[in-house]
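Data block below; observations after.
Any read-out appearing in this document is the output of simple, stated calculations on the displayed coordinates, not a laboratory observation. Here the structure is a predicted model, which means the values were calculated and not measured. Cβ coordinates were reconstructed from backbone atoms using ideal geometry, including for glycine residues, and neighbour counts include every protein chain displayed.
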Amino acid sequence: MLFKFFRPDMAFCDVYTISPEALSELSVKGVVFDIDNTVAPYEVERPTDEMKNYFANLRDAGIKMAFVSNNQGARVTAFNEGLGLFYVCKAGKPSPKGIRKCIAHFGLSPDEVLAVGDQIFTDCLAAHRAGIRFAIVKPIQPVESKFFKIKRFFERPFVKKLDWRGKQ
Ligand SMILES: [Mg+2]
């Protein structure tokens, strides 16, 4: 039972694979994105054109979107500038609070909202505690600090044998 909390409901190679069509298949009307290593590397301050197009595409399809990040306000606001999404910074994931705020802001029911992130012990846990589905993506930067390597080691049993969608 506890295992389920740490187990992503689905896996995508990158956010771009989470297309409007894929979301429609899943009956998802709102998406809560993690930022760091999910939609952009840590040191990339602003979204690329590819990223902007991706968000515009989802928006045109009627998908509601928000950011929930454990990072500082300045990082989140700078990244969100020009995108204008609803956001929660310093979210303290695995706390479900930030995600719950987004669900309320969207005005959707939890089963219509999907969380997307790169980490099990923060993103996945926060999503499941908030009662929504979680899609894991491969971290954008594979080379990480020792701390992250240890974390990834402990994540391994939960990401085992996931069916990864998208290009490997
Ligand atoms: Mg992250």
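Based on this model, can you work out whether Ala126 counts as surrounded by 15 or more Cβ atoms within 10 Å (Cβ to Cβ) and farther than 21 Å from Leu58 by Cα? Yes; evaluated as a whole, the condition is true for this residue. Of all residues in region 121-158, those that are under 18 Å from Ile18 (Cα atoms) and β-branched (Val, Ile, Thr) total 4.
Here are Ser69, Ser145: which of them is under 13 Å from Asn37 (Cβ atoms), buried (at least 19 other Cβ atoms within 10 Å of the Cβ), within 14 Å of the ligand (Cβ to nearest atom) and among the hydroxyl-bearing types (Ser, Thr, Tyr)? The unique qualifying residue is Ser69. Residues of region 83-109 that are within 16 Å of the ligand (Cβ to nearest atom), without any contact (Cβ under 8 Å) to a residue 24 or more places away in the chain and hydroxyl-bearing (Ser, Thr, Tyr): Tyr87 alone. Does region 42-51 contain at least one residue that is in a helix (DSSP H, G or I), farther than 24 Å from Phe121 by Cβ and aliphatic (A, V, I, L, M)? Looking through region 42-51, at least one residue is in a helix (DSSP H, G or I), farther than 24 Å from Phe121 by Cβ and aliphatic (A, V, I, L, M).
When you scan region 148-162, do you find a residue that is closer than 18 Å to Asp34 by Cβ, more than 13 Å from the ligand (Cβ to nearest atom), of a type in the set (Phe, Trp, Tyr) and buried (at least 16 other Cβ atoms within 10 Å of the Cβ), even just one? Taking every residue of region 148-162 in turn, at least one turns out to be closer than 18 Å to Asp34 by Cβ, more than 13 Å from the ligand (Cβ to nearest atom), of a type in the set (Phe, Trp, Tyr) and buried (at least 16 other Cβ atoms within 10 Å of the Cβ). Which members of region 82-99 meet the condition of being over 23 Å from Lys151 (Cα atoms) and buried (at least 19 other Cβ atoms within 10 Å of the Cβ)? Result: Tyr87, Val88.
Residue count for region 110-127 satisfying the condition of being more than 16 Å from the ligand (Cβ to nearest atom) and part of a helix (DSSP H, G or I): 3.
Among the residues of region 19-59, those identified as closer than 27 Å to Ser95 by Cβ and small (Gly, Ala, Ser) are Ser27, Gly30, Ala40.
Is it true that Ala115 is closer than 14 Å to Val32 by Cα, among the hydrophobic types (A, V, I, L, M, F, W, C) and surrounded by fewer than 16 Cβ atoms within 10 Å (Cβ to Cβ)? No.
Does region 84-109 hold any residues that are in contact with a helix residue (DSSP H, G or I) (Cβ under 6 Å, 6 or more places away or on another chain) and assigned to a loop (DSSP other than H, G, I, E, B), and which are they? Matches in region 84-109: Cys89, Ala91, Lys93, Pro94, Pro96.
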